[in-house]
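Below is one structure, written out as structure tokens, with a few remarks after it.
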Amino acid sequence: MTTRLQEFLPAFLTDGAFYLIVFTLSYALEADGASGRDVALVFGIYTCAYAVVAPLLGRASDARGRRTSVRLGAGAFALLACALAAVIRLEPTGIAGAPRVVLHPAAPGGLRAWTYSAVAGFALANAAFWPALQARLGDRAPSAAALARSVRRFNIGWTAGKACGFLVAGLLFAYAPSACLPLAAGCAGLVLLCALADRAGAQAASAGSPPPEHRASERPPRATRRAYLLAALLANLVLWGSLATLKGLAPKLGAHLGLGPRATGCLLFAALVAQGLAFAGLGSARRWAYRPGLLRLAAPSAALGLGFWLLAGQLGGGSALVFASALLGAALIGSAQAVTYAASVFYSLDYDEHRGLRTGIHEAVLGLGGGLEVLGGALADATAWDGAPLLFMSSGAALGALGVAWLLRPRAGGVSANSEGLGALCAGEEG
């Protein structure tokens, strides 16, 4: 594969397969009569386990090599996906979005046990895979401009994969639920083939080598890098929590709005299309790195988007106006999350030579943000109101906006000042 394809395709296939599985299992639990907390635990268990393990396995990729970590993670991911496809069968009942769940006769335990065990296993597999895959971008980039372009292709890859995963899951679950998990297993097998086929750049990918001297000289002062990295991590925490609430509680929130699996899947697809377009725009924008404007606006935009979902819940179930309000909110949240994710990845890779550890911390923060949906699900159960998670996360986004503004406040030393070095290089010619 070419370098560009290596930066795009594994991320696309992995997130496409994973979110097809998550959406399918969440709706299978909903059809099985699960509570809001039970549904939220699907992604909640995954993200909490991922938050603990990702920094450890990211650091291991610094010492033992990127390709080893990527291949181990891809192999475990494919094995788990195939196991789920073999054990869980979703049979149509004639009612769209309400299949009958049938487990293999030899499989011990019930649907919840298999679901929660599988997502915990996916957390381990992805904790080996994702930090190493991202750190490899920094290992191979000869300049800051090249790194910015690599991050853009990577971000568009996983966003497109996630969007396709949700869209395909929403359509298949409504009309052909039995095809969801086998299709995900096939995509997971392709991920493993991509990992095994990656022979280019072996020396660059084998360990966390320091960046070239000319790239290191482009960096702003360490205090500036630290402030922007912390601000990006904080903003990404609340933005990822907002998006995770929408996708992890999709069955409950869809019912709250009077929307079925197909419409809810389309809303999540729209959020991720907006996210992908924002990633593409960031890759083409001049001088966004180490400038505070977009990062300061991200959390308030997410709070506004969640407000549109709250408004949709008050407009009456299932109307076109409800869908339009939720669609606008999803687009706002998706585009704002693209800003925080791109900033978090870029500043993590640019901070120092320990890129596996830094991207592991970045992924751990995503895990913690995703775990916020569990609190939202518990609030929905405690208050008997399915809109409670939206109000909870909109409050969190507002607090996150205050924290980002404080971290990027003007101060002596120019932490918020325009950096003409690396920021200017992000406008490098497309290659």
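The values are calculated or read from the model by the stated rules, or taken from the named source; none is laboratory data. It should be emphasised that the depicted structure is a prediction, and the values quoted were computed from it without experimental measurement. All Cβ positions, even for glycine, are placed from backbone atoms using ideal geometry, and neighbour counts span all protein chains on display.
Worth a mention:
- Across segment 325-340, not a single residue is classified as modelled with pLDDT under 90 and surrounded by fewer than 20 Cβ atoms within 10 Å (Cβ to Cβ).
- Taking the conditions (1) of a type in the set (Lys, Arg); (2) under 19 Å from Asp350 (Cβ atoms); (3) at pLDDT 85 or above in turn, Arg286 satisfies each one other than (3).
- One residue stands out in segment 246-258 among those that are of a type in the set (A, V, I, L, M) and either at positive phi or at pLDDT below 85 (or both): the one that is surrounded by the fewest Cβ atoms within 10 Å (Cβ to Cβ), namely Ala255.
- The set of residues from segment 179-224 being outside any helix (DSSP H, G or I), over 28 Å from Gly161 (Cα atoms) and either among the small types (Gly, Ala, Ser) or modelled with pLDDT of 90 or more (or both) comprises Ser209, Ser217.
- Here segment 8-67 is the region considered, the condition is being among the β-branched types (Val, Ile, Thr) and in contact with a Ser or Thr (Cβ under 7 Å, 6 or more places away or on another chain), and the residue that is nearest to Ala81 (Cα to Cα) is Val42.
- Unmet requirement for Ala96, which otherwise passes all of (1) under 20 Å from the mean Cα position of the chain (by Cα); (2) surrounded by fewer than 24 Cβ atoms within 10 Å (Cβ to Cβ); (3) at pLDDT below 85: (1)
- Test: Val339 is closer than 16 Å to Leu246 by Cα, of a type in the set (A, V, I, L, M) and part of a helix (DSSP H, G or I): no
- Cβ pairs under 8 Å, 6+ apart, first in segment 24-42 and farther than 12 Å from Thr115 by Cβ, second surrounded by fewer than 24 Cβ atoms within 10 Å (Cβ to Cβ) and of a type in the set (Asp, Glu): Ser35/Asp381; Gly36/Asp381; Gly36/Asp386; Arg37/Asp381
- Residues in segment 4-52 that are aromatic (Phe, Trp, Tyr) and touching a Lys or Arg at 6+ places or on another chain (Cβ under 6 Å): Phe8, Tyr19.
- One residue stands out among those in segment 235-245 that are at pLDDT 90 or above and more than 15 Å from Val345 (Cβ to Cβ): the one that is surrounded by the most Cβ atoms within 10 Å (Cβ to Cβ), which is Ser242.
- Note on segment 292-315: residues that are closer than 22 Å to Ala148 by Cα, modelled with pLDDT under 90 and surrounded by fewer than 18 Cβ atoms within 10 Å (Cβ to Cβ) total 1.
- When each of Ser344, Ser301, Ser325, Ser348 is tested for being among the hydroxyl-bearing types (Ser, Thr, Tyr), assigned to a helix (DSSP H, G or I) and under 24 Å from Arg262 (Cα atoms), the lone residue that passes is Ser325.
- For segment 116-137, the count of residues that are over 27 Å from Arg358 (Cβ atoms) and either of a type in the set (Phe, Trp, Tyr) or buried (at least 24 other Cβ atoms within 10 Å of the Cβ) (or both) is at least one.
- Candidate set: segment 372-384, residues that are without any contact (Cβ under 8 Å) to a residue 40 or more places away in the chain and out of contact with any Pro (no Cβ under 9 Å at 6 or more places or on another chain); chosen: the one nearest to His256 (Cα to Cα): Ala384
- Hits in segment 249-269 - residues which are assigned to a loop (DSSP other than H, G, I, E, B) and basic (Lys, Arg): none
- Scanning segment 164-176 for residues that are crowded, with 24+ Cβ neighbours inside 10 Å and either at pLDDT below 85 or among the aliphatic types (A, V, I, L, M) (or both) turns up Phe166, Ala169, Gly170, Phe173.
- The set of residues from segment 364-383 being of a type outside the set (A, V, I, L, M, F, W, C) and at pLDDT 85 or above comprises Gly369, Gly376, Thr383.
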